[in-house]
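Below is one structure, written out as structure tokens, with a few remarks after it.
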Amino acid sequence: MSVFTPLARPELETFLAPYGLGRLLDFQGIAAGSENTNFFISLEQGEFVLTLVERGPVQEMPFFIELLDVLHNADLPVPYALRTTDGVALRELAGKPALLQPRLAGKHIKQANAQHCAQVGELLAHLHLATRDNMIKRKTDRGLDWMQEEGGKLLSHLDAEPRQLLEAALEEISLKKVGILALPRANIHADLFRDNAMFEGTHLTGLIDFYNACSGPMLYDVAIALNDWCSDDDGVLDGARARALLGAYAALRPFTAAEAELWPTLLRVACVRFWLSRLIAAESFAGQDVLIHDPMEFQQRLAQRQAVHTVLPFAL
Ligand SMILES: Nc1ncnc2c1ncn2[C@@H]1O[C@H](COP(=O)(O)OP(=O)(O)O)[C@@H](O)[C@H]1O
Ligand SMILES: N[C@@H](CCOP(=O)(O)O)C(=O)O
């Protein structure tokens, strides 16, 4: 399970006291998640999630806190950093940056249908619209340069077939980089998978895990979401789910001609990003009690995205 930093009750009680939310009733490490240590926390005044940030530079934390404040203030269903009674959001626990956030209702769904996908498209568009005109700059640490560098290093570890697939994708990234970086930008979630959304029935109750959020092309965010929400078990895109997600998104933020042209490329780039991060995680956490996602899933999706039949709804 991915609790990298176990905590004892007394240190937790000391940490929680300055929030003024009452006594600690219960706490439990969360097995899901692969990046940070998370605990469900029951206090007299409600249910919360405590996150200890395990990776990434501490100096990035003010970005995540500010972005979640912006989205929360725009009435979007996201967690945000609670303040102590002295107004402090970012704290430290067990030597790690620590945040306390409200616990969102709902649970993750495994099988998405068109109704789920439409809500994801709608919420993603709201997220982009809420930040597009006042984007908070943050360069992703897993962007195109990272893909070229890490992809190049991993080529020699792969068998012939996946190597050719990755080589072709890296070549495409080199060719299309300038165009991709010129696409319309906003703050993007950059990891909107099913395990980062909460549902009650078919109602989307919130998005979590903004630790990959950054400023970047909005279309890339759409491609990342679509690759997860609308793929079947063989990595093939499901047309009905894809049209539902894209249609709901485009009703709020119409796609541009440049986006329509680069759409198949962005779907492939979004596959490369997670194929590589999963290959790297599988190597670095091998044999450890850490949740590792299967890299093959994205190899398969990338293979399937060599031909893209789902066009972007785009009005001339
Ligand atoms: N604010 C929240 N409300 C409800 N559940 C949450 C919240 N934050 C995290 N969780 C739960 O914790 C799990 C792991 O959180 P996540 O942020 O995805 O971890 P990681 O950054 O390690 O991937 C989620 O799958 C979810 O079940
Ligand atoms: N959703 C991702 C995991 C998070 O990505 P990371 O690069 O921050 O580890 C996946 O399913 O691979």
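The values are calculated or read from the model by the stated rules, or taken from the named source; none is laboratory data. Owing to the predicted nature of the structure, the values given are computational and were not obtained by experimental measurement. We place every Cβ from the backbone using ideal geometry, glycine too, and count neighbours over all the protein chains shown. Accessible surface areas use protein heavy atoms only, side chains included; no ligands, DNA or RNA. Shrake-Rupley method; radii C 1.70, N 1.55, O 1.52, S 1.80 Å.
Brief remarks on what is shown
- Subset of segment 170-218 (residues that are within 14 Å of ligand 2 (Cβ to nearest atom) and among the charged types (D, E, K, R)): 191, 194, 195, 209
- Listed by position, the strands (runs of 3 or more DSSP E) enclosed by segment 46-142 that each have at least 2 residues that are under 19 Å from the mean Cα position of the chain (by Cα) are 46-52, 96-102.
- Check on residue 134, modelled with pLDDT of 95 or more, closer than 24 Å to residue 310 by Cβ and either away from ligand 1 (no atom under 16 Å from the Cβ) or surrounded by fewer than 22 Cβ atoms within 10 Å (Cβ to Cβ) (or both): no
- Hey, residue 90 without any contact (Cβ under 8 Å) to a residue 24 or more places away in the chain and open to solvent by 50 Å² or more (accessible area, probe 1.4 Å) or not: no
- When we screen 230, 214 for residues that are of a type in the set (A, V, I, L, M, F, W, C) and within 16 Å of ligand 1 (Cβ to nearest atom), the only hit is 214.
- Segment 166-211 - residue that is open to solvent by 10 Å² or more (accessible area, probe 1.4 Å), outside any helix (DSSP H, G or I) and more than 16 Å from ligand 1 (Cβ to nearest atom) and, of those, nearest to residue 65 (Cα to Cα): 185
- Of all the listed residues (81, 31, 105, 74), the sole one being within 13 Å of ligand 1 (Cβ to nearest atom) and more than 22 Å from residue 7 (Cβ to Cβ) is 105.
- Residues located in segment 6-31, provided they are closer than 22 Å to residue 65 by Cα and in contact with a helix residue (DSSP H, G or I) (Cβ under 7 Å, 6 or more places away or on another chain): none
- The set of residues in segment 18-53 that are touching a Leu at 6+ places or on another chain (Cβ under 9 Å) and within 16 Å of ligand 2 (Cβ to nearest atom) comprises 31, 32, 33, 34, 36, 37, 38, 51, 52, 53.
- Condition check for residue 142: touching a residue at least 60 places away in the same chain (Cβ under 8 Å) and closer than 30 Å to residue 179 by Cα: yes
For every residue, the table says whether it meets (1) within 16 Å of ligand 2 (Cβ to nearest atom); (2) in contact (Cβ under 8 Å) with a residue 12 or more places away in the chain; (3) under 14 Å from residue 183 (Cβ atoms).
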{"residue": "220", "(1), (2), (3)": "yes, yes, yes"}
{"residue": "231", "(1), (2), (3)": "yes, yes, no"}
{"residue": "240", "(1), (2), (3)": "no, yes, no"}
{"residue": "247", "(1), (2), (3)": "no, yes, no"}
{"residue": "269", "(1), (2), (3)": "yes, yes, yes"}
{"residue": "284", "(1), (2), (3)": "yes, no, no"}
{"residue": "295", "(1), (2), (3)": "yes, yes, no"}
{"residue": "314", "(1), (2), (3)": "no, yes, yes"}
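- Going through (1) assigned to a helix (DSSP H, G or I); (2) within 18 Å of residue 220 (Cα to Cα) one by one, residue 154 falls short only on (2).
- Only one of the listed residues (225, 258) is within 29 Å of residue 137 (Cβ to Cβ), touching a residue at least 24 places away in the same chain (Cβ under 8 Å) and open to solvent by 20 Å² or more (accessible area, probe 1.4 Å). That residue is 258.
- In segment 265-293, residue least open to solvent (accessible area, probe 1.4 Å) [restricted to those that are away from ligand 1 (no atom under 16 Å from the Cβ) and more than 20 Å from the chain's Cα centre (by Cα)]: 286
- Criterion violated by residue 128 - all others in (1) open to solvent by 20 Å² or more (accessible area, probe 1.4 Å); (2) under 27 Å from residue 257 (Cβ atoms) satisfied: (1)
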